[in-house]
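Engineer: The structure follows.
Every read-out reported here was derived from the displayed coordinates using simple, explicitly stated rules and does not represent laboratory data. The structure displayed is predicted, hence computed values, not measured ones. Here the Cβ is made from the backbone with ideal geometry for all residues, glycine too, and neighbour counts use every protein chain on show.
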Amino acid sequence: MSRPSFLSSVFTVAGGTAVAQAIALAALPFITRLYPPELYGGFVIFLAWGGFLLPVVCARFEVAIALPSSLRAASAVAWGSLGIALAMSALCALAVAVAWAVYPPARVAALALLPLYVLLGGAVQVLGNWAARVHAYRRLSLSRIVQATATALLSLAWVPLWGAQALGLVVATLAGQVIALGVLAQGLRQTGFRRRAAPRQMWRLMRHFRR
């Protein structure tokens, strides 16, 4: 099976990103009408914290998945990146627990699911970079489209079912991440992602690509 050309790969990924953004923008006027400003504002705070943490959740090691010459080494870097994301989400959970102890729960309620958001976001980044590594550009593009679609639809469906709540927006966002992971996880065994390396080899590779 021939690899896709560079231009077709670029257009596939860029097209999927553009469609996903268009879906999010099209749903935004309806979402802001259904959710009062104070509720949507709480969700924006949640996204702001998540946007601060997501770029560093894997310590940027997920970018190094494309660098090793072999799939086995790339898989080791991917597993190491997932391990870092898990550790970062645990630290985030500790910080949220401290915030709950210091501040009134009502003020930090929107942050309760932030560690899960960080962990899922890190996993999406790792599997997305793995999909790019194995030239699964259509799957990568599809994952972004279904994530945006699921998030928008669930945000809209939450209000008639359970009322307008900031929790609904957060849950819809998490559900979109889970669905995107499901799309990215298709065929992982066939691409070599399950070839796990020994911890020592994984640590050596992570040190090699730390820059």
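Engineer: When the Kirkwood radius is taken over all Cα pairs of the range 44-114, what Stokes-Einstein diffusion coefficient follows at 10 °C and 1.306 mPa s, in µm²/s?
Structural biologist: 116 µm²/s
Engineer: Moving on to the next point. How big is the Cα convex hull of the range 123-209 in projection, averaged over all directions, in nm²?
Structural biologist: Answer in nm², one decimal: 7.2.
Engineer: Angle check, please: helix 199-208 long axis (alpha carbons) against the longest principal axis of the chain (alpha carbons), in degrees 0 to 90, nearest 10.
Structural biologist: 90 degrees
Engineer: Could you state the angle between the C-alpha long axis of helix 166-184 and the longest principal axis of the C-alpha atoms of the chain, as a value from 0 to 90 degrees rounded to the nearest 10?
Structural biologist: Helix 166-184 and the main axis of the chain meet at about 20 degrees.
Engineer: Would you mind classifying the range 1-63 by shape? Square roots of the alpha carbon gyration tensor eigenvalues, ordered a ≥ b ≥ c; an a/c under 1.5 is rounded, otherwise it is prolate if a/b is larger than b/c and oblate if not.
Structural biologist: On the way: a/c = 5.44, a/b = 1.57, b/c = 3.47.
Verdict is oblate for the range 1-63.
Engineer: Also, I was wondering about something else. Using r as the Cβ-Cβ distance of Ala164 and Gln186, and R0 as 25 Å, what FRET efficiency do you calculate, to the nearest 0.05?
Structural biologist: 0.15
Engineer: Note down the nm distance, to one decimal, between modelled labels 7 Å out along Cα→Cβ at Val56 and at Arg204.
Structural biologist: Going by the 7 Å Cα→Cβ label model, 3.0 nm.
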